[in-house]
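Beneath this line is the structure, given in structure tokens, with notes to follow.
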Amino acid sequence: CAEELSDFISPEVLKKIDFKEAKQSFCDKRIAAAFTMAPALGWLFDESSLKQIPIPICIITTTKDQVVPVEKNAKIFAKSITKATLKILSGEGDHYVFLNRASLVGKRLLAPQFCEDPSNVDRLKIHEEVGKMAVQFFNQHL
């Protein structure tokens, strides 16, 4: 909690929250498959609840994600969700590489971590690659 949510919440606050409602099923029969990029808070989910997710889920993340580290997030989801597949993109792209490229105005307004990548990262190429993965995944499962 302190590592990933220190700016938002403390362990003391978590202890005071009644999670009873969160333990109910949120299964929606209209959703037949899901595609997620850089999922967060994997360590917070109950493994037995994740095992009850009945649909195929494709999880995409990067090796360099410093915001939601792969081990405590994407890998937990992939291990616990029965029909999950995990794809970890190599290279220097980080957590925010999945966001749209910023315009010149956006670059002036946004913090650098949201819109600036290392010089060897081609955000557009990553978006094209991930887009193709999503289309292939949904074609297979829908």
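No other residue among T82, T61 is at pLDDT 95 or above, part of a loop (DSSP other than H, G, I, E, B) and either under 30 Å from S49 (Cβ atoms) or open to solvent by less than 80 Å² (accessible area, probe 1.4 Å) (or both) apart from T82. Against the definition (over 16 Å from the mean Cα position of the chain (by Cα), more than 17 Å from A33 (Cα to Cα) and of a type in the set (V, I, T)), how does V121 come out, yes or no? In short, yes. Looking at region 88-142, the helices (runs of 4 or more DSSP H) lying wholly inside it that each contain 3 or more residues that are exposed (fewer than 11 other Cβ atoms within 10 Å of the Cβ) sit at 104-109, 123-141.
The condition of being under 26 Å from F26 (Cα atoms), part of a helix (DSSP H, G or I) and either without any contact (Cβ under 8 Å) to a residue 24 or more places away in the chain or touching a Leu at 6+ places or on another chain (Cβ under 9 Å) (or both) holds for F77.
The values are calculated or read from the model by the stated rules, or taken from the named source; none is laboratory data. From a predicted model like this one, the values you see are computed outputs, not experimental measurements. Neighbour counts are summed over all protein chains in view; Cβ atoms, including those assigned to glycine, are modelled from backbone coordinates with ideal geometry. Surface areas here come from the heavy atoms of the whole protein model, side chains and all, with no ligands, DNA or RNA. Shrake-Rupley method; radii C 1.70, N 1.55, O 1.52, S 1.80 Å.
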